[in-house]
Structures are given as structure tokens and as C-alpha cells.
């Protein structure tokens, strides 16, 4: 589904080169120390940054020159970017029609996305009238309504407490399976990877040093960089 081959990038004095293959329909956690390049890897996939060399292929299509809006990707950030003056329905509807002029089919898609994240009864409320976890669910619903097969998560739950973060991970796993999504999730919490991810990619020094089944890679690490990170 996703294939990065020596996709290079330079930030200040750090040279990065990412090689990573992500199977269709998997949930892969991207972990590693701060400053390792995890968010840059996602930004390259999303098209917010362009590689200096190498290739990025998604669903068999070379992403060279493809604008972020035209990629089969939705990305969630820690800041859920809700608009305080709009109700939850309209905040989700922005994902399908920025003008908010929706036809019947589009309104049904928005209602379905809200229902799938448990917000059907709250759709007329404003973001300031719901909890932080519910605002994050709005962002997830907006991602769903865009109907893109790849979902990138750049620590969107980092500000949440452990119990609420676990609830959000449960929701992501449920939606991933229901919609056949391919998910990449940056996290600083190895326990989140163990709980939710099929696979883990360990990033350090601007490179993917290891990729494998989550339990194997994290419970019995074979390379010193992972052991040092987990200690």
C-alpha cells in the first residue's frame, strides 16, 4: 500500500533517509526518540514536505508532484482544528464540502461519520460545549467523511489522559477494521503501540532502523537503540 524508498530530507544539520513498506489495512505505530524524524516521515507521505531524492508510492501511484489535497491520505494532528463558531455537524462537514453546501448524500455521510464516533446526539453543539475527547472524535469523524484509504496520526491523543487515550485507540482500531483503513500512528507511548498496533517501525537518527510485529519488536528488542529507548 505504502512504499518509501530512500526518501531523503534535510532539516538543519540532520539528514534523513526513510525506507518503509506498509501493508494495506494494517495499523503501524511509528515510535522512537524525540527529534528522530517521525513527524517528518508523515509529512513526506502527506505531501507537506517533498523528498530531495528517492520515491514514495501509495497504492501503486508515484506521489512525486502530487499535492497534499490530491493524495489518498487524511492526517490528524494533536491540535484537532475545530472551528468554535460552528456546530459539530458543520465541523465534520468541512471535510467533504468546505463551502458547507451539502447535498442529501453528503449530509448522510456526515451523519454516518458522527454516528460512527458516538456523536450523533451532540451534532448541534459547538466545540466549546463538549469535552476534549469529544472534540477529538469530531476530528476523527471529519477524517472519515473524506473517505481516504490512508489515515496518518501525528500524536493526536498525546494531551489526553491514559484512560481517554485508550478509548481513542479503541475507536481508531474499530474504524480501521470497519473501513479497511491503512493507519500510521506516531506515538511516544510504547504501551499505545503494544495495545493497538499490528506493526511497529522504530525511527532514530532520521532512519527506519527496524520494522516488525509489535510484540516481537518491543517485548524482545534485538537492537540496542530500541532497548535504550524502552529503558
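Values in this text are rule-based calculations from the coordinates and carry no lab data. Please read all numbers here as calculations on a predicted model, not as lab measurements. Quick reminder, even Gly has a Cβ in these numbers, built from the backbone with ideal geometry, and neighbours come from all protein chains shown.
Against the longest principal axis of the chain, how steep is helix 162-179, in degrees 0 to 90 to the nearest 10, with axes from Cα atoms?
Taking the Cα atoms of the chain, the angle to 162-179 is about 80 degrees.
Can you sort 66, 203 from fewest to most other Cβ atoms within 10 Å of each residue's own Cβ?
The order, fewest Cβ neighbours first, is 66, 203.
Take peptides 172-180, 33-41 and line them up by average Cβ neighbours within 10 Å, highest first, as a rough protection proxy. Could the numbers behind the result be given before it?
Numbers: 172-180: 15.0, 33-41: 19.3.
Most protected by this proxy first, the peptides run 33-41, 172-180.
If you average the sequence gap of Cα pairs under 8 Å that are 6 or more apart and divide by the length of the chain, what percent do you get for the contact order?
It rounds to 29 percent for the chain.
May I ask for the angle, rounded to the nearest 10°, between helix 132-145 and the longest principal axis of the chain, with both axes built from Cα atoms and the value confined to 0 to 90°?
90 degrees
I'd like the distance between the alpha-carbon centres of segment 118-178 and segment 1-38, rounded to an integer number of Å.
Centre-to-centre distance over Cα atoms comes out at 24 Å.
What angle, in degrees between 0 and 90 and rounded to the nearest 10, separates the Cα long axis of helix 104-116 from the longest principal axis of the Cα atoms of the chain?
60 degrees
What distance in nm separates the simple spin-label points at residue 121 and residue 66, each placed 7 Å from Cα in the Cβ direction?
Placing both labels 7 Å beyond Cα along the Cβ direction yields 4.1 nm.
Using the beta-carbon distance between residue 59 and residue 228 and R0 = 45 Å, what value does 1/(1 + (r/R0)^6) give for FRET efficiency, to the nearest 0.05?
0.80
Taking a ≥ b ≥ c as the square roots of the eigenvalues of the Cα gyration tensor of segment 82-147, is the shape rounded (a/c under 1.5), prolate (a/b larger than b/c) or oblate? Let's see the in-between values first.
Numbers: a/c = 1.72, a/b = 1.39, b/c = 1.24.
Prolate.
In whole Å, largest first, what are the principal axis extents of the Cα atoms in segment 108-231?
Here the Cα extents, ordered largest to smallest, are 52, 28, 23 Å.
How much length is gained if the chain between residue 10 and residue 174 is pulled fully straight, taking 0.36 nm per residue apart and subtracting their Cα-Cα distance, in nm to one decimal?
Working: separation 164, 0.36 × 164 = 59.04 nm, distance 3.63 nm.
Net length gain for the segment: 55.4 nm.
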